[in-house]
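Structure, as structure tokens:
The values are calculated or read from the model by the stated rules, or taken from the named source; none is laboratory data. Not measured: the values here are computed from a predicted model. Note that we place each Cβ from the backbone using ideal geometry, even for glycine, and neighbour counts take in every protein chain shown.
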Amino acid sequence: MKCEVQIKTLLEEAFDAKSHDLVYKPGKHIPAPRLKAQFATLASALKTIDSQSEFLKDLILDEDRELSLRRNACLEVFLKDEKTVTVAQQLGLELDQPLALVTVVQRLKPTEKVPLSPQFCELAALCALLLNNDYIREVALDFLNQQYGMALEAEPIRRRAYLKWTLGNTKEAIKDTDRALSLAIREQESIEIAKGKNNFVYFVADIKCVEGVQHDEWLAKAWSYLPDLLVDDPYNYKDTVGFFFAIFGQCRDAIIAGWDLLRDSYDASQKDERTERFLRYHEYSALRRLLGITSGEGSVPKIQAI
């Protein structure tokens, strides 16, 4: 028995559904040759459109992959500090070598000599990032909840939030940061207030950049925190404000103003690998926004320090 297998795109299938009975099963009405020729021409045009749409989709996916790779490179440096490396070595994990999933599953466990700690949680998050593995990500979140699950003070809740962010759970990170900030304001902890506002603004920009998520209430809060981050900047928060403008600026001038802040922050930093990678990630994000802006008219939103 002979059979025919047809593999089509959705667009081809839709066209065939409309044209098949008219051209191939016309019944009493036999289409003229020129009508068949028109159908053939239309089918060829649709095939071109289909190919172009696939090309554009691949371009978008390539850009998203590039953005994700740049961001992950930042997080690797962010998490791989001296204390995290020490914990890894104590567990027999060599971070300067490619990690094997089986080895991480076997060794990434708290022990009497290497108990659960903030650095242990950072190592778990780093392993999840390096392996890009959902199971290790869930393990890291479980360690995180064990370490900080009962936290009632601003500082540990803020730490829990930024680790959730590194694990890709940015929505929960924003909620935790908001809670930590409320506690810090109530207790009048100036350092925690500044760090909390910085993290909140950054996470709101990052989730928009990476996931396309925009929450109006979060965005309004982030805008309200910007002047404080620029007025008194002992921790060099200009990179956060610059990144925020690069993501949410509605015109060319606003995005370029953010880019300038990114450069100012980098020039005032230690210019180590961490700041270098974050600068590249932020600048790449700003460039993508600039390419997407269709009008150069407008001005930077009214923020006193700019």
(message) Looking at the stretch 251-259, can you tell me whether even one residue there is at pLDDT below 80, under 19 Å from residue 227 (Cβ atoms) and not charged (D, E, K, R)?
(response) no
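Working only within the stretch 209-225, note down all residues that are closer than 19 Å to residue 181 by Cβ and either within 8 Å of the chain's Cα centre (by Cα) or in a helix (DSSP H, G or I) (or both). Talk me through it step by step, then tell me what you get.
As a first pass, look at the stretch 209-225 and keep what is closer than 19 Å to residue 181 by Cβ: 215-225.
Across the stretch 209-225, the qualifying residues are 216, 217, 218, 219, 220, 221, 222, 223, 224, 225.
Restricted to the stretch 80-116, and to residues that are assigned to a loop (DSSP other than H, G, I, E, B) and touching a residue at least 40 places away in the same chain (Cβ under 8 Å), which residue is surrounded by the most Cβ atoms within 10 Å (Cβ to Cβ)? Quick ask: steps written out before the conclusion?
So in the stretch 80-116, the residues assigned to a loop (DSSP other than H, G, I, E, B) come out as 80-81, 91-100, 108-116.
Cutting the leftovers down to touching a residue at least 40 places away in the same chain (Cβ under 8 Å) gives us 80-81.
Working: 80: 19, 81: 13.
Out of the qualifying residues, it is 80.
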(request) Considering each of 258, 242 in turn, give the residue that is in contact with a Leu (Cβ under 6 Å, 6 or more places away or on another chain), farther than 30 Å from residue 148 by Cα and either free of Cβ contacts under 8 Å to residues at least 60 places away in the same chain or buried (at least 20 other Cβ atoms within 10 Å of the Cβ) (or both). (result) 242
(message) Go through (1) closer than 24 Å to residue 120 by Cα; (2) without any contact (Cβ under 8 Å) to a residue 40 or more places away in the chain for residue 195 and report which single condition fails.
(response) (2)
(request) Tell me which of these residue 273 doesn't satisfy, since it passes every other one: (1) touching a residue at least 60 places away in the same chain (Cβ under 8 Å); (2) surrounded by 15 or more Cβ atoms within 10 Å (Cβ to Cβ). (result) (2)
(message) Quick check on the stretch 127-143. Is at least one of its residues in a loop (DSSP other than H, G, I, E, B), over 21 Å from the mean Cα position of the chain (by Cα) and of a type outside the set (Val, Ile, Thr)?
(response) no
